[in-house]
Amino acid sequence: MKGLVLSGGYGTRLRPLTYSQQKQLIPVANKPVLFYAIQDMIDAGIKEIYVIVGPNKEQVMETVRGAKWDAKIDFIYQDEPRGLAHTIRIAKEKLKGDSFAMYLGDNILRGGIVKAVREFEKSKCEASVMLCPVPNPHEFGIATLNRKGEIVKVVEKPKLPPTNLAVIGIYLFRPAIFKAVEEIKPSWRNQLEITDAIQWLIDKGYKVKSAKVDGWWKDTGKPDDILHANRLVLDEIEAPVSGVMGGSISGRVKIEEGAHVDESSTIRGPAVIGKGAKVSCSYIGPYTSIGNGCEITNTEISDSVVMDGAKLENAGKIVESLIGKGAKVSANNAHPHGHKMILGDNSEVKL
């Protein structure tokens, strides 16, 4: 089985961050979201993976190539976001008619896909689609099942959802899907919808099984989703210490190599302090990720994601915020009680 990971699109719901970086590279617990998808595939035994890239393709390629992977990873360029089924069309030559897993690169799934892959390989189904109950089914592709757990109908963002079982963006396919994506027509959004391709399989008599999410699943398409995913991942981190740890530390706090926390600082886990980061006279509250090379001075921050190279100095109290790479937040003769913000890369704010 091969792998297809999608890392294209414009990420408009995450602007201003996505003006300068690809949305799948935004970190959760100091790890790009895209890396969770790639590692899930490798854990499931997939050793040949293709990443669909679009805007910021060089950024994605450089980031992925800069990490060590126990798999062969290559890239396929999609000039415009034309739908998930379109990515299968353009990947056909690379996939060479083999079965494959397809994974949206902005998803994080607790527990991975090992079980789903094993069950699919044992089955005779032409496809397997991972599903998760959601409270807002009108915002997703929604599946209807028969008594055997097979999918009998899928519909994209229905006004009157027949069920609450969302198609979350992780799929397992055998070669009939290549015929399906060639046969379907663009939707009203001018997209080749993967739900239409799956429905084509069903209508032609192919069996499509469902695979339920056992733990949690998170689509990181919006700022609140990033923060929620950060909480979920930090809840399960281990807490090795390779940097210098001073001050008051409690809970599970991961302090990475070269990081320094001074004696006047307090950190309450779960939290992670990235490589080479410096924390001075500050309070780092629960569910906070401090990226590599950050400098946090005389600042209180909690429930936030601070990306690589950001500097917070005399910034008062910050909560539930996304701070972009290289951003700067400093005091400007004010006495803030609390701030909530989303800053793009290299931004500068005076409080």
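The values are calculated or read from the model by the stated rules, or taken from the named source; none is laboratory data. All figures in this text were calculated on a predicted structure; none of them were measured in a lab. We place every Cβ from the backbone using ideal geometry, glycine too, and count neighbours over all the protein chains shown.
Within the stretch 202-218, is even one residue of a type in the set (D, E, K, R), closer than 21 Å to Ile38 by Cβ and in a helix (DSSP H, G or I)? So that I can check it myself, show each step before the final result.
Here is the first cut: in the stretch 202-218, the ones of a type in the set (D, E, K, R) are 203-204, 207, 209, 212, 214, 218.
From what's left, closer than 21 Å to Ile38 by Cβ: 214, 218.
Of the ones still in play, those that are also in a helix (DSSP H, G or I) are none.
Checked the stretch 202-218: no residue is of a type in the set (D, E, K, R), closer than 21 Å to Ile38 by Cβ and in a helix (DSSP H, G or I).
Run down Asp70, Asp98, Asp79 and say which single residue is assigned to a loop (DSSP other than H, G, I, E, B) and in contact with a Gly (Cβ under 9 Å, 6 or more places away or on another chain). Show your work before the answer.
Values: Asp70 fails: in contact with a Gly (Cβ under 9 Å, 6 or more places away or on another chain); Asp98 fails: in contact with a Gly (Cβ under 9 Å, 6 or more places away or on another chain).
The match here is Asp79.
Of the residues Ile267, Ile237, Ile226, only one is in contact (Cβ under 8 Å) with a residue 12 or more places away in the chain and assigned to a strand (DSSP E or B); which? Reasoning before the result, please.
Values: Ile237 fails: assigned to a strand (DSSP E or B); Ile226 fails: assigned to a strand (DSSP E or B).
Within the list Ile267, Ile237, Ile226, the selection yields Ile267.
Assuming Glu126 fulfils every condition listed in (1) of a type in the set (Asp, Glu); (2) touching a helix residue (DSSP H, G or I) at 6+ places or on another chain (Cβ under 8 Å); (3) modelled with pLDDT under 90 apart from one, which condition is it?
(3) is the only condition that Glu126 fails.
Please count how many residues of the stretch 1-54 are assigned to a loop (DSSP other than H, G, I, E, B) and polar (S, T, N, Q).
So the first thing to find is which residues in the stretch 1-54 are assigned to a loop (DSSP other than H, G, I, E, B), and the list is 1, 8-11, 15-16, 20-22, 26, 29-30, 44-47.
Filter once more, so that each one left must be polar (S, T, N, Q): 20-22, 30.
Qualifying residue count, the stretch 1-54: 4.
Which residues, counting only those in the stretch 181-212, are out of contact with any helix residue (DSSP H, G or I) (no Cβ under 9 Å at 6 or more places or on another chain) and of a type in the set (A, V, I, L, M)?
Of everything in the stretch 181-212, just one residue is out of contact with any helix residue (DSSP H, G or I) (no Cβ under 9 Å at 6 or more places or on another chain) and of a type in the set (A, V, I, L, M), namely Ile202.
Please tell me if Lys57 is in contact with a Phe, Trp or Tyr (Cβ under 7 Å, 6 or more places away or on another chain), outside the structural domain of Val305 (by TED's automatic domain parsing), more than 23 Å from Pro186 (Cβ to Cβ) and not aliphatic (A, V, I, L, M).
Values: in contact with a Phe, Trp or Tyr (Cβ under 7 Å, 6 or more places away or on another chain): yes; outside the structural domain of Val305 (by TED's automatic domain parsing): yes; more than 23 Å from Pro186 (Cβ to Cβ): yes; not aliphatic (A, V, I, L, M): yes.
Against the criterion (in contact with a Phe, Trp or Tyr (Cβ under 7 Å, 6 or more places away or on another chain), outside the structural domain of Val305 (by TED's automatic domain parsing), more than 23 Å from Pro186 (Cβ to Cβ) and not aliphatic (A, V, I, L, M)), Lys57 qualifies.
Could you tell me which of the residues Ala116, Ala85, Ala91 is more than 14 Å from Val51 (Cα to Cα) and out of contact with any helix residue (DSSP H, G or I) (no Cβ under 8 Å at 6 or more places or on another chain)? Give the steps one after another, and end with the answer.
Details: Ala85 fails: out of contact with any helix residue (DSSP H, G or I) (no Cβ under 8 Å at 6 or more places or on another chain); Ala91 fails: more than 14 Å from Val51 (Cα to Cα).
Answer to the selection: Ala116.
Which of the residues belonging to the stretch 145-165 are closer than 24 Å to Gln191 by Cα, out of contact with any Gly (no Cβ under 8 Å at 6 or more places or on another chain) and basic (Lys, Arg)? Give the steps one after another, and end with the answer.
Filtering the stretch 145-165 for residues closer than 24 Å to Gln191 by Cα gives 151-165.
Still in the list and also out of contact with any Gly (no Cβ under 8 Å at 6 or more places or on another chain): 151-153, 158-165.
Lys153, Lys159 - these are the residues of the stretch 145-165 that are closer than 24 Å to Gln191 by Cα, out of contact with any Gly (no Cβ under 8 Å at 6 or more places or on another chain) and basic (Lys, Arg).
If the requirement is being touching a helix residue (DSSP H, G or I) at 6+ places or on another chain (Cβ under 6 Å) and of a type in the set (Gly, Ala, Ser), which of these qualifies: Gly105, Gly97? Give the derivation first.
Details: Gly97 fails: touching a helix residue (DSSP H, G or I) at 6+ places or on another chain (Cβ under 6 Å).
Residue meeting the stated conditions: Gly105.
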